[in-house]
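No lab work stands behind these numbers, since they all come straight from the coordinates. Since the structure is predicted, the reported quantities are computational estimates derived from the model, not experimental observations. Cβ coordinates were reconstructed from backbone atoms using ideal geometry, including for glycine residues, and neighbour counts include every protein chain displayed.
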Amino acid sequence: MPYFVVKARFPRTKGKEVAKIYVEERKKYPWDRSLGKEAVLAASTDETSVLNTGILEVKEGKLEEVIARENKISMMYIDIEGYNRWSEMWMTAVEALGLFGLKPPD
């Protein structure tokens, strides 16, 4: 099962602006359970910025829909100065072992 990881970083000074759009986003694009499961939605801060991470467990055959949904969502934030958003595809450690022709230990 692929994991679709979405990350965003933005200046702390843009926090309220991002939060308002996030509330709009969740109303406009509530998570569709037919696509999979929202495994983690988390946030962290450093001295100057906020980092958000979302990990979505994508159901088989639903990856294209998840990517299309993410593209629509990312456009909601495009005008926020300093806001950066990107996505990554991840796999489980067991799936990664398979890339090397290995099986997990018992």
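So here's what we get for this one:
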read-out: Added length on full extension, which subtracts the Cα-Cα distance from 0.36 nm per residue, W86 to N71; value: 4.4 nm
read-out: Estimated 222 nm signal from helices in the chain, with DSSP H stretches of n ≥ 4 weighted -39500 (n - 2.57), rounded to 500; value: -10000 deg cm²/dmol
read-out: Gaussian network model of the chain, Cα within-10 Å springs - most flexible of A96, A43, A68; value: A96
read-out: Charge dipole (the chain, unit charges on Cβ, about Cα centre) - positive-most of S49, I80, A8; value: I80
read-out: On Cα atoms only, tilt of 15-28 relative to the major axis of the chain in degrees; value: 60 degrees
read-out: At most 15 other Cβ within 10 Å, DSSP loop - GluC sites (Glu not before Pro), region 1-95; value: E47, E60, E81
read-out: Residue among K59, K72, K27 with the largest mean-square fluctuation in a Gaussian network model of the chain, springs linking Cα atoms under 10 Å; value: K27
read-out: Dipole magnitude of the chain, debye to nearest 20 (Cβ charges: Lys/Arg +1, Asp/Glu -1, about Cα centre); value: 340 debye
read-out: Long pairs among K7/K62; K16/K72; K27/K59; K20/K59; K59/K103; K14/K59, criterion Cα-Cα beyond 27 Å; value: K20/K59; K14/K59
read-out: Between 0 and 90°, nearest 10: helix 63-75 axis offset from the chain longest Cα axis; value: 10 degrees
read-out: Taking the C-alpha atoms of the chain, convex hull volume expressed per residue in Å³; value: 126 Å³
read-out: Estimated FRET transfer efficiency (K37, I78; beta-carbon r; R0 25 Å; 0.05); value: 0.40
